[in-house]
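Single-structure report; data block below.
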Amino acid sequence: MDISNLLCTFKDLNINEMPHGHQIYNQSDAYFLTLTVVQWADVFTRKVYKDIIIDNLKYCQQNKGLEIYAYVIMSNHIHILCRSIKGDLSGTIRDFKSYTAKRIIDTIKKNEESRKKWLLMIFSYMARKTKKSSEFQFWTHNNYPEYIYSNKFIEQKVDYIHMNPVKAGIVENPEDYLYSSARNYADLSALLDVVKVSLRWKTH
């Protein structure tokens, strides 16, 4: 996909109308999002929990109109560059977080998880602290959305997403990390299909 298809035309916007702050103002436009586990708990060091994320991202693509351009699942957060072709990005991300939180917590309870007591204690504490009506809180409330406004910004964000596992010392090359769209951009087999944008980005 050509990058220009993701961008609104600046000349049609008044500077005072430009999206700002940590909110999704334009529900059909592309955003860079960061979804974070409460207290930065390293849940996604286990394959089973990462696979729950992949499965539900696929569901959102197939059933909720989520168009994904780049993503990475790290130990305690997810970066994703995406938009909603149905014009409901906030609703899609809300449902995604709600469903994955329930699935992951249920899996922690049922599986032989050595960190079970510690993780559930964190999620329970955060629910009480934020006065949630539910027993546990898995994700933080803020998705830190950043509006996609230029070609350069898209390139920076895709590169940032793909370099996360390298900077964390997990892999030497971005495409070596399985839970990332770097493999898609390197034309390798990947867990999740993405819409590749035309970038100058190359594998390192």
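The values are calculated or read from the model by the stated rules, or taken from the named source; none is laboratory data. Here the structure is a predicted model, which means the values were calculated and not measured. Glycine gets a Cβ as well: all are built from the backbone with ideal geometry, and neighbour counts include every protein chain shown.
Consider segment 176-187 and keep the residues that are crowded, with 20+ Cβ neighbours inside 10 Å and of a type outside the set (A, V, I, L, M). The one that is nearest to Lys47 (Cα to Cα) is Tyr179.
Here is a list: Ile108, Ile148, Ile85, Ile154. Which entry is under 23 Å from Ala41 (Cα atoms) and of a type in the set (Val, Ile, Thr)?
Going through Ile108, Ile148, Ile85, Ile154 in turn, the sole match is Ile108.
Here is a yes/no grid of residues against (1) at pLDDT 60 or above; (2) closer than 24 Å to Val195 by Cβ; (3) assigned to a helix (DSSP H, G or I); (4) among the β-branched types (Val, Ile, Thr):
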position: Asn5; (1), (2), (3), (4): no, yes, yes, no
position: Ile24; (1), (2), (3), (4): yes, yes, no, yes
position: Gln27; (1), (2), (3), (4): yes, yes, no, no
position: Phe32; (1), (2), (3), (4): yes, yes, no, no
position: Leu35; (1), (2), (3), (4): yes, yes, no, no
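Of the residues Val72, Val48, the single one that is modelled with pLDDT of 95 or more, more than 14 Å from the chain's Cα centre (by Cα) and of a type in the set (A, V, I, L, M) is Val48. Residue by residue through segment 99-125, note down the ones that are surrounded by fewer than 16 Cβ atoms within 10 Å (Cβ to Cβ) and either closer than 23 Å to Ile161 by Cα or acidic (Asp, Glu) (or both). Within segment 99-125, Asp106, Glu112 meet the criteria.
For segment 46-72, a tally of residues being out of contact with any strand residue (DSSP E or B) (no Cβ under 8 Å at 6 or more places or on another chain) and in a loop (DSSP other than H, G, I, E, B) returns 1.
Within segment 114-142, if we keep just the residues that are charged (D, E, K, R) and in contact with a helix residue (DSSP H, G or I) (Cβ under 7 Å, 6 or more places away or on another chain), the residue that is nearest to Val48 (Cα to Cα) turns out to be Lys116.
Counting the residues of segment 114-165 that are among the hydroxyl-bearing types (Ser, Thr, Tyr) and either touching a residue at least 12 places away in the same chain (Cβ under 8 Å) or not in a loop (DSSP other than H, G, I, E, B) (or both) gives 8.
Just wondering, is there one or more residues in segment 126-146 that are surrounded by 13 or more Cβ atoms within 10 Å (Cβ to Cβ), under 21 Å from Leu192 (Cβ atoms), among the β-branched types (Val, Ile, Thr) and under 20 Å from the mean Cα position of the chain (by Cα)? Within segment 126-146 (the criterion being surrounded by 13 or more Cβ atoms within 10 Å (Cβ to Cβ), under 21 Å from Leu192 (Cβ atoms), among the β-branched types (Val, Ile, Thr) and under 20 Å from the mean Cα position of the chain (by Cα)), the answer is no, since none of the residues qualifies. Applying the condition of being modelled with pLDDT under 95 and among the hydroxyl-bearing types (Ser, Thr, Tyr) to segment 157-204 and asking which residue is nearest to Cys82 (Cα to Cα) yields Ser198.
Pairs are defined by a Cβ separation below 8 Å, a sequence spacing of at least 6 or placement on different chains, a first member in segment 182-204 that is more than 18 Å from Ile170 (Cβ to Cβ), and a second member that is at pLDDT below 75 and among the charged types (D, E, K, R); the pairs so defined are Val197/Asp2; Ser198/Asp2.
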